[in-house]
Amino acid sequence: PPSRRPGLLCPAWCTRSPMTPPPVSYVDRLGTTYPLNSPRWCADAAEADGSPMPLMLTDRTGGITRSQIDASVRSLWRYSASFPLECASPISLGEGCTPLVRRPFGSGGGEVHFKCEWFNPTCSFKDRGASVMLSLLRQQGVTHVLEDSSGNGGVQEVSRRCLGSV
């Protein structure tokens, strides 16, 4: 088992017992919080100009321990212990787990790291967000989604909708 010392994979909260991260919720600019278990795209309050007030997630201090990484899963869902909501049935095409390649850079002996996102199912980093978003929307009971993109963001949405029946 990993060390229980705070660090990159074991934040300060993981040294407490029981090992429970602080709760996460939606929050608007006014500090009003909303539960994550129901679909919501904006706050009840509006901006000064009348436009919808966006929501953010409250701080989720810490991360996860090595033992919380599910090595049997070959996608970003191996890190689901770090997500703000549990997802019983993720919609996934195997996104994530793209290689990080180190190469020499310049004449001074420096190195550069390349994250090869084209190894994702639709060749884009947007695969990760589409998988999480559609999985959680389906879990919340959302059955229809409107995508306004004709670009690669739309490709991720459509590919997962076909797989996940959203």
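The values are calculated or read from the model by the stated rules, or taken from the named source; none is laboratory data. Keep in mind it's a predicted model, so treat the numbers as computed, not measured. As a convention, Cβ positions derive from the backbone with ideal geometry for all residues, glycine included, and neighbour counts pool all protein chains shown. Side chains are part of the model used for accessible areas, which takes the heavy atoms of the whole protein and leaves out ligands, DNA and RNA. Shrake-Rupley method; radii C 1.70, N 1.55, O 1.52, S 1.80 Å.
D127 falls short on exactly one of the conditions (1) farther than 17 Å from P39 by Cβ; (2) at pLDDT below 85, and that condition is (2). In segment 60-84, the residues that are open to solvent by 50 Å² or more (accessible area, probe 1.4 Å) and at pLDDT 85 or above form Cβ pairs under 8 Å with partners that are in a helix (DSSP H, G or I) and of a type in the set (D, E, K, R), at six or more places apart or across chains, as follows: D70/R78; A71/R78; S72/R78. When P2 is tested against (1) part of a loop (DSSP other than H, G, I, E, B); (2) modelled with pLDDT of 90 or more, just one condition goes unmet, and that condition is (2). In a residue-by-residue description of segment 32-49, the property of being surrounded by 15 or more Cβ atoms within 10 Å (Cβ to Cβ), at pLDDT 90 or above and within 18 Å of G129 (Cα to Cα) applies to no position.
Out of G153, G96, report the one residue that is open to solvent by less than 50 Å² (accessible area, probe 1.4 Å), among the small types (G, A, S) and at pLDDT 85 or above. So that I can check it myself, show each step before the final result.
Details: G153 fails: at pLDDT 85 or above.
Answer to the check: G96.
The lone criterion from (1) open to solvent by 50 Å² or more (accessible area, probe 1.4 Å); (2) not in a strand (DSSP E or B) left unmet by E111 is number (2). Taken over segment 30-84, residues that are assigned to a loop (DSSP other than H, G, I, E, B) and more than 20 Å from the chain's Cα centre (by Cα) amount to 12.
Among the conditions (1) open to solvent by less than 100 Å² (accessible area, probe 1.4 Å); (2) at pLDDT below 90; (3) within 24 Å of V142 (Cα to Cα), the only one that P23 does not satisfy is (1).
For R138, indicate whether it is part of a helix (DSSP H, G or I), more than 14 Å from the chain's Cα centre (by Cα), modelled with pLDDT under 90 and surrounded by 15 or more Cβ atoms within 10 Å (Cβ to Cβ). Considered against the rule, which asks whether it is part of a helix (DSSP H, G or I), more than 14 Å from the chain's Cα centre (by Cα), modelled with pLDDT under 90 and surrounded by 15 or more Cβ atoms within 10 Å (Cβ to Cβ), R138 comes out as yes.
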